[in-house]
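Every number in this text was worked out from the coordinates using simple rules, so none of it is lab data. The model shown is predicted, which means the values in this text are computed figures rather than measured ones. In this analysis, Cβ positions are derived from the backbone assuming ideal geometry, glycine residues included, and neighbour counts consider all displayed protein chains.
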Amino acid sequence: MKKVLVVDDSPVVRSFHTNILRMSGFKADGACDGIEALEKSLTTPYHLILCDINMPNMDGITFIKRYREQDEHAPIIILTTQEDAIHKEKGYKAGANLYLVKPVKPNNLILHIQLLLGSEIET
C-alpha cells in the first residue's frame, strides 16, 4: 500500500485530504507543520508528500528543501491557496514536482497522485 503524508496546519483540511486518500486505497498520515512532517519522514518512508505552504513553525518551502536533503525521489505536491507566480517558482525551486491551488476536486487530486507515482494504486 502506498504511503502519503499530508502536511497542513488546518486540522479540517488535513483530515479531508487524508480521508480522500484512504478511501482511494492509500495509507495516509498527517502532520501539522514542516517540523512534524520531517520527524515522521525519518521513521516512515513515504511514497508521496502533499504539502501546504503557509504553516507555523516551519513553512512548506523550508520543509521541502529539508526533506529533499534526505529523499530526492518521493514526489511532492504543493497544495495551497497561494496562486502567485513567486510562490510557484519558490515551490519548484525547493523541489516540488507539482503545484496545485486549493480547492482541488478529490478525483483530480487522486489522478495527479497516480500519475506522479507512475502506477495504479496497490491494494
Exercise. Quick one, can you get me the convex hull of the C-alpha atoms of the chain expressed as volume per residue in Å³?
Key: 90
Practice problem: Arrange the following residues from fewest to most other Cβ atoms within 10 Å of their Cβ: Thr81, Thr43. | Solution: Thr43, Thr81
Exercise. Pull up the cross-link candidates among the lysines for Lys93, meaning alpha carbon to alpha carbon under 26 Å and not fewer than 8 places away within one chain.
Key: Lys2, Lys3, Lys40, Lys65, Lys102, Lys105
Quiz prompt | Counted charge near Ser15, where neighbours are those whose Cβ lies closer than 14 Å (Asp, Glu -1; Lys, Arg +1) | solution = -2
Quiz item: So how do Ile77, Ile86, Ile49 line up by other beta-carbon neighbours within 10 Å, fewest first?
Solution: Ile86, Ile77, Ile49
Self-check item: Relative exposure of Cys32, Cys51, judged by other C-beta atoms within 10 Å (fewest first)
Solution: Cys32, Cys51
Quiz prompt | Dipole magnitude of the range 3-117 about its Cα centre (Cβ charges: Lys, Arg +1; Asp, Glu -1), debye to nearest 20 | solution = 320
